[in-house]
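Here the structure is laid out as C-alpha cells; the discussion comes afterwards.
The values are calculated or read from the model by the stated rules, or taken from the named source; none is laboratory data. Keep in mind that what you see is a predicted model, and the values were worked out from it rather than measured. Positions of Cβ are backbone-derived with ideal geometry, glycine not excepted, and every protein chain shown enters the neighbour counts.
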Amino acid sequence: MSPTAQPGPLRAEGTQMGVPYRSAPLNGGVADLHVDLYLPEGPRDPAPVLVWFHAGAFCVGTTKRPQHRALGRRMASAGMALAVPSYRLSTPEEDLSPPVRDALPGLLAMCPPGFRLELAGSWALAALEDSVAALRWLDERRETLGLTGRFVVGGSSAGAINAMNLVHTAPHLGLETPDIGGVLCYSGAYAYPGIYRPGAVPVVALHHPADPKIDIASIRTLASRDPKVKLTETSADEHGGFAKTASEPPRKVFGRILGHVREMSGTA
C-alpha cells in the first residue's frame, strides 16, 4: 500500500498504516503526510495514546522502523494506542507558514552555543507545524479511534526535540494543540531556552552522557531548572535507545514506557 493511499475507513481497532492526515508545501510541490496507527483489537475501553515521532535529524527517517512496530504491538496488547505520524523532511524556510517563518530568526538567536542549528531551523519548525496538525487530526477522531486521556508525545533524537517543541515552542508561535500530558524524551534536547516553560508538563528523559549526536548539556540544563524533568543518564543507552542498562529485558523497558503513558495521560 502506498504510504499516502487511503487504507479504507478508519477503524477503532487493529494496525492501520499510512492513513493520510495532511498535505503541506515542500520544495515547490506538496508532501502528503500520513500516520501509522496501532490500536487494540476487539471490544475495549477507550485507549490512552502515545504519539511518537521518528528520528533522523529532520532530514531523513521513517515511521516504518522495527522499533515502532515493537512498541505498537506492546501498547496495543496492553489496551493502549500508538500513533506515529510522518512529517516533512529537509524543509526550506519558504515552505513554513508566514508567522513561523517570521519567528525563525528570533528563535535561532536563542540557541545555546554548540547547538546544531539544523535541529533548530526550518527543518525542525516544519516538523512542528506538521505535528500540530497530526495532534489536531487525532483529537478530532477520538471517538472514531476509541482514544481517551491527554496526549502523551515522545520520540528519540530529532523526534524527542519535536515532542519538546510541541509543548514549549508551539504556544510561542500561536500554534494551538490539544491537551498534552507529558513528554518522553530519548536522546533529545530543546533549542530555545528563552521560551521554555518550567513546570508545563512532566518530561521523562534518557540520555548518554557522552552522546556524540545530541549533546546532553541541553537536557541537563532543563533538568536542573525544572523539577518536572526527570533525567536518567546512562552509559548503557545507545543514541535513541529505550533501555536504562545494557542487560535490561525488553519486557521491563516497554513496561516502563506503558506506565509513563498511563500516568501522563491521566488514565492510570
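Below, the figures for the structure above:
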quantity: Qualifying residue in the range 45-55 (condition: part of a helix (DSSP H, G or I), surrounded by fewer than 21 Cβ atoms within 10 Å (Cβ to Cβ) and charged (D, E, K, R)); calculated: no
quantity: Residue that is crowded, with 17+ Cβ neighbours inside 10 Å and modelled with pLDDT of 95 or more, where the choices are SER157, SER90, SER77, SER97; calculated: SER157
quantity: Per-region count, the range 217-247, residues within 19 Å of the chain's Cα centre (by Cα) and among the polar types (S, T, N, Q); calculated: 2
quantity: Residues satisfying the stated conditions in the range 63-80, i.e. assigned to a loop (DSSP other than H, G, I, E, B), touching a residue at least 12 places away in the same chain (Cβ under 8 Å) and more than 16 Å from VAL153 (Cβ to Cβ); calculated: LYS64, ALA78, GLY79
quantity: In the range 133-154, residue farthest from the chain's Cα centre (by Cα) [restricted to those that are of a type in the set (Val, Ile, Thr) and surrounded by 19 or more Cβ atoms within 10 Å (Cβ to Cβ)]; calculated: VAL152
quantity: When residues of the range 178-196 are limited to those that are surrounded by 19 or more Cβ atoms within 10 Å (Cβ to Cβ) and out of contact with any strand residue (DSSP E or B) (no Cβ under 8 Å at 6 or more places or on another chain), the one farthest from GLY61 (Cα to Cα); calculated: TYR196
quantity: Matching option when the condition is in contact with a Phe, Trp or Tyr (Cβ under 8 Å, 6 or more places away or on another chain) and touching a residue at least 40 places away in the same chain (Cβ under 8 Å), among ALA103, ALA170, ALA83; calculated: ALA83
quantity: Close pairs from the range 237-251: first touching a residue at least 12 places away in the same chain (Cβ under 8 Å), partner assigned to a loop (DSSP other than H, G, I, E, B) and of a type in the set (Asp, Glu), Cβ under 6 Å, at least 6 apart; calculated: HIS239/ASP211
quantity: Test: residue in the range 145-161 that is touching a Phe, Trp or Tyr at 6+ places or on another chain (Cβ under 9 Å), at positive phi and assigned to a loop (DSSP other than H, G, I, E, B); calculated: yes
quantity: Test: residue in the range 206-216 that is at pLDDT 95 or above, under 17 Å from the mean Cα position of the chain (by Cα) and not in a strand (DSSP E or B); calculated: yes
quantity: Test set (1) among the charged types (D, E, K, R); (2) in a helix (DSSP H, G or I); (3) touching a helix residue (DSSP H, G or I) at 6+ places or on another chain (Cβ under 9 Å) - GLU176 fails condition number; calculated: (2)
quantity: Number of positions in the range 13-30 that are among the aliphatic types (A, V, I, L, M) and crowded, with 20+ Cβ neighbours inside 10 Å; calculated: 1
quantity: So GLY199, is it more than 18 Å from GLY114 (Cβ to Cβ), among the small types (Gly, Ala, Ser) and crowded, with 22+ Cβ neighbours inside 10 Å; calculated: no
quantity: Test: GLY114 is out of contact with any Lys or Arg (no Cβ under 7 Å at 6 or more places or on another chain) and at pLDDT below 95; calculated: yes
quantity: Whichever residue in the range 12-34 is without any contact (Cβ under 8 Å) to a residue 12 or more places away in the chain and not in a loop (DSSP other than H, G, I, E, B) and, among such residues, is nearest to LYS64 (Cα to Cα); calculated: SER23
quantity: Residue within the range 225-246 that is of a type in the set (Ser, Thr, Tyr) and within 25 Å of ASN165 (Cβ to Cβ) present; calculated: yes
